[in-house]
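Quick notes on the structure that follows.
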Amino acid sequence: MRHTPWFLLWALASAPALADEAWLRPTLVGELDYRQHASDVEGFDGFTLARLRLGAEARPLPWLVARGVAEWAQEKPALIDAFVAVTVLRDVRLSLGYTKTPLFPSAHDENLQARAIPELSGLAQSFWPRRDLGLEARWSPMNLPVETWVRVGNGSRSPLGNDNQLPALDARVDGRWGRSAGVPESFWGVRVGAGAHVESAYDRAGIGGIGPQGFVYYRPPPVSGTRTVTEAHARLDVGPVRVAAEAAAAWERRSRDTDGNPETPREALPELKSQGASLEVSWVAWGKPRDDGPSWPRANEDSTQALQALREGQLPLGALEVAARVERLWLGRGASDVQSGGGTSGALAVRWWTTSFLGVGVAGYVQRYDTAPLEEPDRRTSWLVLARTTVNFN
């Protein structure tokens, strides 16, 4: 033993015993839909596999976590998460890799499979910078009602690298109180904050209009130069009721190459301006109210009672949630050479969180476009109805 290197002894002493703690945990999220669309252009009716995410999360030490997840419900697998995070101080967490950018609590803070309304709002679909490869610092002091994120990434939405030489910067600051500050027994909770995303784009599509089923109803022109996206959000929890509001604005510069010579300056074009806002209300009719975490509402009975009910051929009570959302987008404004767009939309959903790993529900979406999509120039109204079953071992 005296010849054993000291760092090996330290590693053996620090690593958890597999018999005592499952430090490597698999991740599986599956969602099966039955959908009815307003038009075949926007999607095919019938059964579809909405998501199948497989991966694993490792926590070999209390201050270290590594996560890798891929989406398989596509023509080819796509990377969702690939990062390593360490808690360097009690209140500071550093993460390096490919993961969500911090803007928009509805997109960043909540798990996709646990949302009251199954799909992201059109506001988040259009304005959220989504994922990138970068370094992020999160500061959440225990003695202050503040939570902050600062991230430097490639801004290209690709885990393989950037599309130019300049990085993207994301920053978000929240104030939080009550249940939103991690006090689960509190009757109320408040979270208020704002964030910004700044990057330099190079001949990339600007902010477009995207429906809940992924159909692009407004296609923006390419943007090149500085892109700035700002957002503000507020959330109020009172007992089983949650009210969440989000708003965003974006400024995107444009230019074009007029002589084919990359060494000469490009011609500047009018800047694009876009705005949007959404309001969502949800009510947990029975079960425990939502907390500040990313999981869905919990049942009043524990997991053992739920499993016992299933074994006896009975359905567990679970938790029932009802939600509604309205939103408005103004896209592609401020440039005389660009046809502007946008839309007004609403959504209703009822979700039954049967157990901690199984949920079912139905949702309906309606949209009114400001300008008709290119595929159907005579239609400006759209709708979608879906029934979803979710399996979540995460």
Can you name the residue in the range 164-186 that is over 29 Å from D292 (Cβ atoms) and in contact with a strand residue (DSSP E or B) (Cβ under 6 Å, 6 or more places away or on another chain) and, of all such residues, is least open to solvent (accessible area, probe 1.4 Å)?
N164
Suppose the filter is open to solvent by less than 40 Å² (accessible area, probe 1.4 Å) and closer than 26 Å to A323 by Cβ; does S255 pass it?
no
Filter the range 86-102 down to residues that are closer than 30 Å to V284 by Cβ and open to solvent by less than 40 Å² (accessible area, probe 1.4 Å) and give me whichever is nearest to the chain's Cα centre (by Cα).
K100
Of the residues in the range 343-358 that are at pLDDT 95 or above and among the small types (G, A, S), the one that is nearest to L320 (Cα to Cα) is A349
Expected single match for within 30 Å of A205 (Cβ to Cβ), in contact (Cβ under 8 Å) with a residue 40 or more places away in the chain, within 16 Å of the chain's Cα centre (by Cα) and open to solvent by less than 10 Å² (accessible area, probe 1.4 Å) among P105, P129, P118 is P118
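Would you mind listing the strands (runs of 3 or more DSSP E) fully within the range 186-301 where at least 2 residues are more than 21 Å from G122 (Cβ to Cβ) and basic (K, R)?
Numbers: elements: 188-205, 216-218, 222-238, 241-256, 267-286.
Once the strands (runs of 3 or more DSSP E) in the range 186-301 are filtered for at least 2 residues that are more than 21 Å from G122 (Cβ to Cβ) and basic (K, R), what remains is 241-256.
Matching residues to (1) modelled with pLDDT under 95; (2) within 29 Å of F127 (Cβ to Cβ):
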{"site": "A17", "(1), (2)": "yes, no"}
{"site": "T27", "(1), (2)": "yes, yes"}
{"site": "E31", "(1), (2)": "no, yes"}
{"site": "A56", "(1), (2)": "no, no"}
{"site": "P62", "(1), (2)": "yes, no"}
{"site": "G68", "(1), (2)": "no, yes"}
{"site": "F83", "(1), (2)": "no, yes"}
{"site": "V92", "(1), (2)": "no, yes"}
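Hey, can you tell me all the residues within the range 201-213 that are of a type outside the set (D, E), open to solvent by 30 Å² or more (accessible area, probe 1.4 Å) and without any contact (Cβ under 8 Å) to a residue 60 or more places away in the chain?
Residues of the range 201-213 that are of a type outside the set (D, E), as a first pass: 201-202, 204-213.
Pick out the ones that are also open to solvent by 30 Å² or more (accessible area, probe 1.4 Å) and you get 202, 204-205, 210, 213.
Listed by number, the residues that qualify are Y202, R204, A205.
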Quick check on G189: is it open to solvent by less than 60 Å² (accessible area, probe 1.4 Å), touching a Phe, Trp or Tyr at 6+ places or on another chain (Cβ under 8 Å) and small (G, A, S)?
yes
Look through P289, P294 and report the one residue that is within 26 Å of the chain's Cα centre (by Cα), under 28 Å from V29 (Cα atoms), at pLDDT below 95 and crowded, with 16+ Cβ neighbours inside 10 Å.
P289
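The values are calculated or read from the model by the stated rules, or taken from the named source; none is laboratory data. None of these values were measured; they are calculated from a predicted model. Ideal geometry is used to build each Cβ from the backbone, glycine not excepted, and the neighbour counts take in all protein chains shown. The area values use the complete protein model at the heavy-atom level, side chains included, leaving out ligands, DNA and RNA. Shrake-Rupley method; radii C 1.70, N 1.55, O 1.52, S 1.80 Å.
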